[in-house]
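The values are calculated or read from the model by the stated rules, or taken from the named source; none is laboratory data. Note that this is a predicted model, so its numbers are computed, not measured. Cβ coordinates were reconstructed from backbone atoms using ideal geometry, including for glycine residues, and neighbour counts include every protein chain displayed. To get the accessible areas, we keep the full protein, side chains included, count just its heavy atoms, and leave off ligands, DNA and RNA. Shrake-Rupley method; radii C 1.70, N 1.55, O 1.52, S 1.80 Å.
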Amino acid sequence: MSRRSLPVATKLVALAFILLSIGSARSADAGDVKPKPEQPTPKPELTPDQVVKVVMEAMQHNDDHDAGLQTVFRFASPANQQATGPFEHFAQMVKGPVYGPMLNCKSIEYGDVQKDAGQAEMEVTITTQEGGKFTYLFGLTKQGEGQYKDCWMTDAVIRTKPPVRPPPPPGPNPAPV
């Protein structure tokens, strides 16, 4: 994992939040997506790395009803939901070219969590079903008030490195001369 200082990562998270806010200033209520009893929800006992793993496993196992994306949206901080919601808009954004590779990915590699006071970051590299590799930086904050007080929640996810595409399939063997 890159060893950026947390303040730099915080600036990246803030920039991503601002960009998302400009493009989609819509209201979203955490109540937009009601969890089913078996779906995970934010809890104060979850650590930042546990939250990222819940979110990534939900992305990896998303279904036709977007149950995985509903989990991801529930773990988005209230500010993130405000910027990217309502849920239908959020789902459309996640299915786009930047975040789409995360959906139903083949494998996930987790970096170390970097934590400072109420902020954390964690790098994640996914491998798609086709063999492409994409790296993302998760920015999380510990919520200080409201129904999610003391819960770690996602503020931003930024693709940090250019994708590594799988090699092309081998072509036909040249005819002997």
Per residue, accessible area of the range 96-177 with a 1.4 Å probe, heavy atoms of protein chains only, in Å², comes to 58
Explain nothing, just compute: Karplus ³J(HN,Hα) = 6.51 cos²θ - 1.76 cosθ + 1.60, θ = phi - 60°, for every residue of the range 90-100 in order, whole Hz, x for Gly and Pro. 4, 4, 4, 5, 5, 7, x, x, 6, 9, x
For the range 51-177, which whole-number percentage of the solvent-accessible area (1.4 Å probe, protein heavy atoms only) is attributable to carbon and sulfur atoms? 53
Using 7 Å Cα-to-Cβ label points, what is the GLN147/GLU109 separation (nm, one decimal)? 3.9
Decide, for the range 43-99, between rounded, prolate and oblate: order the square roots of the alpha carbon gyration tensor eigenvalues as a ≥ b ≥ c, take rounded if a/c falls under 1.5, and otherwise choose prolate if a/b is larger than b/c, else oblate. oblate
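Using a Förster radius of 35 Å, what is the FRET efficiency between THR160 and ASP64 based on their Cβ-Cβ separation? Nearest 0.05, please. Let's see the in-between values first.
Numbers: r = 30 Å, r/R0 = 0.85.
Here the calculated transfer efficiency is 0.70.
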What fraction of the Cα pairs in the range 49-177, stated in percent, has a spacing above 24 angstrom? 32
Among GLY118, ASN62, TYR148, the residue whose Cα sits farthest towards the positive end of the charge dipole of the range 40-177, when +1 is placed on the Cβ of each Lys and Arg and -1 on the Cβ of each Asp and Glu, is ASN62
Quick one: what are the phi-derived ³J(HN,Hα) couplings along the range 158-163, Karplus 6.51/-1.76/1.60 with θ = phi - 60°, whole Hz, x for glycine and proline? 10, 6, 9, 10, x, x
From the backbone phi of the range 71-84, what are the Karplus-calculated ³J(HN,Hα) couplings (6.51 cos²θ - 1.76 cosθ + 1.60, θ = phi - 60°) in whole Hz, Gly and Pro given as x? 5, 4, 5, 5, 8, 6, 4, x, 5, 5, 4, 4, 7, 10
Counting Lys and Arg as +1 and Asp and Glu as -1, each charge on the Cβ, what is the dipole of the range 37-177 about the Cα centre in debye, to the nearest 20? 360
